[in-house]
Amino acid sequence: MSEQILDQLYDAVVAGVAEDAAAATHTGLDAGVEPLSLLFDSMIPALEEVGRLFETNEIFLPEMLISARAMQASMNLLRPMLADEAASRIGTFVMGTVAGDIHDIGKNLCNVMLEGVGFEVIDLGVNVPPEQFVEAIRAHKPDAVGISAFLTTTMSELVTTIDAIVDAGLRDGVKILVGGAPVTQEYADRIGADGFAATAVTAAQLTKELLGI
């Protein structure tokens, strides 16, 4: 029975049917399936399959977005239960889009992927000034910070934000990842970021690699 429920949840996330994903999650919990099993034996493998399909151009951004929403529908049900499961948390990640930029689709996709692999994500939202990133690092002591810029006109805010983190004396204690449509690996290297992620899937993978997880 539990195997069938896990398969149903997997299929719902891959297909991007949020209602089915939530229903399978409810069914699993009612049947006594452990929340961690739903997450690690079904939802994360489904998300990894979605990432593989995206990277091989078998699906595209719209399909990836609806799969992310299906994953989120399940995560909304599991999150209160997982909060008490220490094993489900592999680290803390602060995420935000830089000042002057209100784009959030890529950021939100990254959040789902990061939560899916076990990170607690502190989402600062969009149009986030450097000082707010600094305050969040002090308050939450994250393992990693993601800074997004989706416009060429706001790319300079990546530099400003990293400089603010350095000036606050917090740089050595946190890994910094950058991303967004105009950002490149070369640019990330030039501004002193620890990593650059072109997609939400690689953001989750790279964060784990940088933290040695």
- Task: Please report, in debye to the nearest 20, how large the charge dipole of the chain is about its Cα centre when each Lys and Arg carries +1 at its beta carbon and each Asp and Glu carries -1 there.
- Result: 480
- Item | Cβ-derived FRET efficiency at R0 22 Å, ALA139 paired with ASP167, nearest 0.05 | 0.80
- Message: Using just the Cα positions, wrap the stretch 2-87 in a convex hull and report its mean projected area in square nanometres, one decimal place.
- Response: 5.2
- Query: Can you tell which of THR153, THR199, THR184 shows the greatest fluctuation in a Gaussian network model of the chain with Cα springs below 10 Å?
  - Reply: THR153
- Against the longest alpha carbon principal axis of the chain, how many degrees, from 0 to 90 and to the nearest 10, is the axis of helix 156-167 turned? 80
- Dipole of the stretch 38-166, positive end: most advanced residue of VAL159, HIS140, ALA99 [Cβ charges, Cα centre]: HIS140
- Query: Over the Cα atoms of the stretch 72-213, how large are the radius of gyration and the largest Cα-Cα distance (Dmax), in Å?
  - Reply: 14.1, 42
- Item | Calculated FRET value between GLU63 and GLU131, using beta carbons and R₀ = 35 Å, to 0.05 | 0.40
- Task: Set the Förster distance to 22 Å, then compute FRET efficiency between GLN4 and MET81 from the Cβ-Cβ distance, nearest 0.05.
- Result: 0.55
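When the chain is fully extended, how far beyond the present Cα-Cα distance does GLN185 get from ILE90, taking 0.36 nm per residue of separation? List each step's numbers first, then the result.
Values: separation 95, 0.36 × 95 = 34.20 nm, distance 2.56 nm.
Gain in length upon complete extension: 31.6 nm.
Coordinate-derived values only; no laboratory data. Bear in mind that the values here come from a model prediction, so they are computed numbers and not experimental data. With ideal geometry, Cβ positions are generated from the backbone for all residues, glycine too; neighbour counts draw on all protein chains shown.
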